[in-house]
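If you scroll down you'll find the structure; I have some questions about it.
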Amino acid sequence: MPAYDLANRLVVGIASSALFDLRESDAVFREQGEEAYRAYQEENRDTTLRPGIAFAFIRRLLSLNDLGEPGDPLVEVIILSRNDPDTGLRVMRSIQAHGLPISRAVFMQGRSPYKFMPALNMSLFLSANGNDVREAVAAGLPAGHVLGAAYPDDPADRELRIAFDFDGVLASDAAEQVYQADGLEEFRAHEARNAATPHDPGPLRDFLAGVNRIQRREEERRTSDPGYAVRVHVSIVTARNAPAHERAVNSLKQWGVRVNDAFFLGGIDKGAVMKVLDPHIFFDDQVTHLRSTSRTTPSVHIPFGKINEVPT
C-alpha cells in the first residue's frame, strides 16, 4: 500500500467516548469490571451506538471532503481509543452503520493514545475522558474534554458552525493572567497598551488555520459555481469588550487566520448567545462559561493555562 501523507490535511483525533454515547457501556465497566464489559461489548457488537456529543460536528466536518479530489480528502478523522482491538469492533461497526467515512483507528487497551497525536499530524483531539485531555494539554497538545449530553441534530442542515472563545483557546492565557492577578481595569489597560502586539498562539490556533484552509476551498468553489452555498461558519465568542477587542482582532490578522463573526460580550452570559448562534461545537477554557453553554450547545473544555492548574 502506498504511503498516505497527512501533512496537508486537517486531522482530528476523537475518542469513541466523544463520538458516541457510551454511558451504558461505561456503567457496565464501572459497576461490573473489565471482563463483564468485554462480554457486554461482544454481546452488543452489532448494536449500533447512539450519536454522542461530537457526532454532529464530526459528521459535518467529514462531509466537507466533497470539496477535494476523490481519494485525496481534505479532512481525516482518526479514532484514538482506550479500548483494545476486540472491544473496539463495536465502535468501528457503529461508524460504518452511521455512514461515517472513518477508516483509521488506534486502539490501546486501557492506555491513553494521545501521545500519537504529533505522529498523526492532529490539530485537535476530543475525548470524554477528562484525565486524558488534561495530560495531553499538559504535554502541549491541542485537546478538549466534551461536556454534557448529545443534542438533536438536523441531517438536512448542511452547515458546520464552529465557535471559539479567544483567551486560553485561540490565544495564550497571558492576558487572562493579568485579569486574574490585577483585575478588569488593569486587564483593559494592558490590552490597550499592547493592541498592536499579537498574542502568542493558544492550543487551537492551528486547528482554526486548518478550518480556514477548507473555507478558502469553499470560496474557490463558489467562484466557479455561484450557486454553491457556503457551509463552514466560524465565530469567536469572548468575554472581552472594547478596548480589549482590538488586540484580539489584530492577533487573528497577524497569525494569518480569520473568523466570520465576533461577539465581544463583556461579561454577558455566553449561554444565551449560544442558544441563538446554535454552533455544532463551542470551545472554551473556563468551566464556569461552559456550565451555561452546555445546556444547549455541544461544548468542549480546553483545560489550558493557569486558571486550569490543579492545586497541589
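The values are calculated or read from the model by the stated rules, or taken from the named source; none is laboratory data. Not measured: the values here are computed from a predicted model. As a convention, Cβ positions derive from the backbone with ideal geometry for all residues, glycine included, and neighbour counts pool all protein chains shown. For accessibility, only protein heavy atoms count, side chains too; no ligands or nucleic acids. Shrake-Rupley method; radii C 1.70, N 1.55, O 1.52, S 1.80 Å.
Just flag the trypsin sites (Lys or Arg not before Pro) in the stretch 106-208 sitting in loop per DSSP whose Cβ has no more than 12 other Cβ atoms within 10 Å. Working shown, then result.
On the way: sites: ARG111, LYS115, ARG134, ARG158, ARG161, ARG188, ARG193, ARG205; in loops: ARG111, ARG158.
Counting only loop positions with at most 12 other Cβ atoms within 10 Å, the trypsin sites (Lys or Arg not before Pro) in the stretch 106-208 are ARG111, ARG158.
Could you work out the per residue convex hull volume over the alpha carbons of the stretch 177-265, in cubic angstrom? Show your work: numbers first, answer last.
Working: hull volume 9.0 nm³, N = 89.
It is 102 Å³ per residue.
Based on the Kirkwood radius over alpha-carbon pairs, what is the Stokes-Einstein translational diffusion coefficient of the stretch 114-172 at 4 °C with 1.567 mPa s viscosity, in µm²/s?
Values: Rh = 13.4 Å.
Diffusion coefficient, whole number: 96 µm²/s.
Relative to the longest principal Cα axis of the chain, at what angle does helix 23-32 sit, 0 to 90 degrees, rounded to 10?
60
Here is a further query. Express the carbon and sulfur contribution to the solvent-accessible surface of the chain as a percent, rounded to the nearest whole number, probe 1.4 angstrom.
Details: 7430 of 14760 Å².
That fraction is 50 percent.
What is the Cα coordinate range of the stretch 24-126 on the first, second and third principal axes, sorted by size from largest, in whole angstrom?
That gives 46, 29, 22 Å along the principal axes, largest extent first.
Using helices alone, I'd like the mean residue ellipticity at 222 nm for the chain: each DSSP H run of four-plus residues gives -39500 (n - 2.57), total over residue count, nearest 500.
-11000 deg cm²/dmol
Within 10 Å, count the other beta carbons around each residue, average over each peptide in 268-276, 225-233, 136-144, and list them highest first.
Values: 268-276: 16.2, 225-233: 12.3, 136-144: 20.7.
Packing proxy ranking, top to bottom: 136-144, 268-276, 225-233.
To the nearest whole percent, what portion of all C-alpha pairs in the stretch 241-303 is separated by more than 18 angstrom? Please list the in-between numbers first.
Numbers: 847 of 1953 pairs.
Tail of P(r) above 18 Å: 43 percent of Cα pairs.
Over the chain, with a single point scatterer placed on each C-alpha, what log10 of the ratio I(q)/I(0) does the Debye formula yield at q = 0.08, 0.09, 0.10 1/Å?
Taking Cα atoms of the chain as identical point scatterers yields -0.37, -0.46, -0.57.
Also: Which loop trypsin sites (Lys or Arg not before Pro) in the stretch 20-51, with loop taken from DSSP, have no more than 16 other Cβ atoms within 10 angstrom of their Cβ?
On the way: sites: ARG23, ARG30, ARG38, ARG45; in loops: ARG45.
In loop regions of the stretch 20-51 (DSSP not H, G, I, E or B), the sparsely surrounded trypsin sites (Lys or Arg not before Pro) are ARG45.
Size of the dipole of the stretch 8-127 about the Cα centre, Lys and Arg at +1 and Asp and Glu at -1 on the beta carbon, nothing else charged, in debye to 20?
In debye, rounded to 20, the stretch 8-127 gives about 280.
Can you give the percent of C-alpha pairs in the stretch 29-87 whose distance is more than 15 Å? Please list the in-between numbers first.
Working: 1139 of 1711 pairs.
Summing the P(r) of the stretch 29-87 above 15 Å gives 67 percent of all pairs.
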